[in-house]
Amino acid sequence: MDYQAANDLLKDRVILVTGAGDGIGRQAALTYASHGAVVILLGKTVSKLEQTYDLIVAANGPEPAIVPLDMQGATEQHYIDMASTIEEQFGRLDGVLLNAGMLGVLSPFEQIDLASWETVMKVNVTAQMMMTKPLLPLLRKADDAALIFTSSGVGKKGRAYWGSYAVSKFATEGMMQILADELSNTNVRVNAINPGATRTSMRSTAYPGEDASKLKTPAEIMPTYLYLMGPDSQDIRGQSVDAQPK
Ligand code: NDP
């Protein structure tokens, strides 16, 4: 996307980023902070979240907050408690980037392992729903709020062997559309981003033989992440946006 964000695009906005310790989410957290946002860093591995925290502080960004949470085991109560803590500390949320996700196992459909399927659905679908529910009242308290899901090319057109991951991303597209419709007359814009092939550990797991140097880096796809999070996309609702359009 050819978009040049103002330096202060997200000034004083409070934005939750999931999967903020690695890959695209880490870059999104750094980018949002560098545009003025107070970022709440959610992820599974505390040491990775601390690294993101340190990088933001070293760059003189607004002091972030850390929320360690394993979305595989978390219950509804964990998300309700998290929302209460955010409300106490910040009073509102201006944005949420639902980026954390897992690939699971790629295999022929006939060989899908039920336990692996259920884990992928828990993290990529059920956890997103459980997290979003208690965060919606906080998003409604903002003047202009953005809720962004993370999709995938295989969530728009099925592909052989992508089993549970692809099904979870179709579900993500559906969840985004349902919420966008329900919230169409509110201050909360709901959209999704399909990052496209991006140089991260998830991508190298899915395509081990690929020359990763030919892929876009997370930093290169940030214009789309900024555009959909900030006020310049105020009229965009219910869209699944390709960060790397063909
Ligand atoms: P990475 O594997 O690099 O990062 C995934 C992030 O999600 C990590 O920070 C990880 O935390 C977090 N995460 C995974 N499982 C859990 C869990 N159970 N609880 C909490 N956090 C968890 O992936 P990418 O950056 O590549 O992917 C980001 C998003 O983009 C995903 O939704 C992915 O499906 C999507 N996507 C990526 C593409 C690509 O080419 N890279 C293409 C299309 C879509 P930790 O490191 O602590 O495990």
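Accessible surface of the chain, 1.4 Å probe: 51 percent of it comes from carbon and sulfur atoms.
The charge dipole of the chain, taken about its Cα centre with unit charges on the Cβ of Lys, Arg, Asp and Glu (plus for the first two, minus for the last two), comes to roughly 500 debye. Bridge orientation summary for the chain: considering DSSP beta bridges with both residues in this region, about 0 percent are antiparallel. In the chain, the calculated helix contribution to ellipticity at 222 nm averages -12000 deg cm²/dmol per residue, counting -39,500 (n - 2.57) for every DSSP H run with n ≥ 4. Using all pairs of distinct alpha-carbon atoms, the Kirkwood hydrodynamic radius of the range 14-242 works out to 17.7 angstrom.
Using 0.36 nm times the number of residues separating D143 and E210, minus their current alpha carbon distance, what extension gain do you get? Write out the running numbers ahead of the final one.
Numbers: separation 67, 0.36 × 67 = 24.12 nm, distance 4.38 nm.
My answer for the length gained is 19.7 nm.
The K11 and R159 beta-carbon pair, evaluated with R₀ = 25 Å, returns a calculated FRET efficiency of approximately 0.05.
Ordering L226, A166, G21 by the projection of their Cα atoms onto the charge dipole of the chain, which places +1 on the Cβ of Lys and Arg and -1 on the Cβ of Asp and Glu, puts A166 at the extreme positive end.
For the range 6-134, how big is Rg over Rh, using alpha carbon atoms and the Kirkwood form of Rh? Can you show the working numbers first?
Values: Rg = 15.7 Å, Rh = 15.3 Å.
A ratio of 1.02.
Quick check on my link table: of K11/K122; K133/K214; K48/K133; K169/K246; K48/K216; K48/K122, which ones sit more than 30 Å apart, alpha carbon to alpha carbon? Flagged as over cut-off: K11/K122; K133/K214. Measuring with a 1.4 angstrom probe and ignoring ligands and nucleic acids, V105 comes out at about 90 Å² accessible. Ligands, DNA and RNA aside, K122 has an accessible area near 60 Å² when probed at 1.4 Å. In the context of the full set of protein chains, the range 129-243 has a per residue accessible area of 44 Å² (1.4 Å probe).
Taking 0.36 nm per residue of separation and subtracting the Cα-Cα distance, what length does fully extending T75 through Q4 add? Let's see the in-between values first.
Working: separation 71, 0.36 × 71 = 25.56 nm, distance 3.92 nm.
Full-extension gain reported as 21.6 nm.
So what's the angle, to the nearest 10 degrees on a 0 to 90 scale, between helix 46-58 and the longest Cα principal axis of the chain? Approximately 40 degrees, to the nearest ten.
Using a probe of 1.4 Å on the protein chains alone, the accessible area found for R189 is around 0 Å².
May I ask you to derive the FRET efficiency for D181 and E88 from their Cβ-Cβ distance with R0 = 22 Å, giving the value to the nearest 0.05? Each step should come with its number before you reach the end.
Values: r = 31 Å, r/R0 = 1.41.
For D181 and E88, the calculated efficiency is 0.10.
The values are calculated or read from the model by the stated rules, or taken from the named source; none is laboratory data. In this text the structure is predicted, and so the values were computed from the model without any measurement. Neighbour counts are summed over all protein chains in view; Cβ atoms, including those assigned to glycine, are modelled from backbone coordinates with ideal geometry. Only protein heavy atoms, including side chains, enter the accessible area calculation; ligands, DNA and RNA are left aside. Shrake-Rupley method; radii C 1.70, N 1.55, O 1.52, S 1.80 Å.
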